[in-house]
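Participant: Please read through the structure below; I'll follow up with questions.
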Amino acid sequence: MTLLRPGQNLLDWLQTTGLSVLMTVLGAMILARLVSWGGNKVTDQIDSNYQLGDALVRSEATKHRHSVAQVITWVVITFIYVIATLKVLDQLNLPIGSLVAPATVLGAALGFGAQRVVQDILAGFFIITERQYGFGDTVRLAITGSSDDAEGVIEDVTLRVTRMRNSDGEVITVPNGQIVKATNLSKDWARAVIDVPVPATADLTRVNEVLRQVGVDAMADRGLKKLLLDEPTVMGVESLEVDQVNVRMVARTLPGKQFQVGRALRVRVAAALRRQGITVSPDLHTARTEEASE
């Protein structure tokens with residue numbers, strides 16, 4: 001099948017059909033760029049409002065709006081290119097109906113290889129609609145076939161992939177369909193949990209008093225007070241060992257700030273106990289962090 005009509009030379013074709021095809025392609029590219037620019041402006045505006053409103057914590061609604069804006073931009077750009085492709089086929093006098101049968105065969109062949117892509121898109125759809133996590137969240141993802149979890153701050157969520165950056169600055173891209181479990185460490189509020197190992201011979205009443213004073217001093221500190229939702233509390237003895245006792249201290253923090261608060265409290269706890277002549281085991285660490293939703 002020729003694209004030139006009878007009696008039509010190449011120059012005439014370029015001036016008519018060729019020009020129409022070129023304009024359609026350029027128009028689609030320009031429109032896609034405009035949509036991408038508009039999407040970036042929307043997300044920048046969301047980020048600007050977040051920075052002006054609260055420099056410490058991004059609200060769940062803000063994170064959700066950011067993710068939805070990114071996905072809508074991606075879908076609209078895809079729709080533009082699909083429409084442009086159909087328009088070009090029509091301008092080239094290629095009957096779309098005659099392509100149905102070959103497309104069906106090709107689609108069936110590609111369908112087996114595209115199952116994972118469809119799975120990724122469906123998983124991404126539910127991640128966004130269910131607000132499991134969004135831009136700016138600190139998450140831990142269990143991935144199929146991987147023994148190590150991926151942990152970091154979400155930088156981009158699309159229907160197909162989740163892109164995050166870990167503490168080493170590495171960008172991790174995970175197909176949504178490969179995510180088995182998502183642990184959101186920055187949803188609504190978080191908790192820093194600190195286990196303080198002290199000698200078994202230490203006066204536990206005195207240790208508890210020292211830790212409570214650390215909590216009071218932390219709440220009085222301007223820097224830490226901005227990150228804390230309430231005063232750190234001493235939960236008491238968490239575990240008993242042959243030569244040491246673990247006393248647990250917890251602090252509710254703003255989303256994603258549990259690690260920073262945990263590090264600051266460890267320094268304060270170690271210094272306070274040392275001033276009281278109580279030896280702190282080198283195992284002093286933030287045992288784990290928790291997240292919770294209201």
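What follows draws every value from the coordinates through simple rules; no lab data is involved. Small disclaimer: the values here were computed from a predicted structure and weren't measured. Backbone-built Cβ (ideal geometry, glycine too); neighbour counts: all protein chains shown.
Participant: What ranking, highest mean first, results for peptides 179-188, 73-82 when packing means the other Cβ atoms within 10 Å averaged over each residue? Please report the intermediate quantities before stating the final value.
Facilitator: Numbers: 179-188: 17.9, 73-82: 14.9.
By packing density, highest mean first, the sequence is 179-188, 73-82.
Participant: Hey, another quick one. Could you go through segment 194-207 in sequence order and give the Karplus-derived ³J(HN,Hα) for each residue, using 6.51 cos²θ - 1.76 cosθ + 1.60 with θ = phi - 60°, rounded to whole Hz, and x for Gly and Pro?
Facilitator: So the J values, rounded to whole Hz, are 10, 9, 9, x, 10, x, 5, 8, 6, 6, 5, 4, 5, 4.
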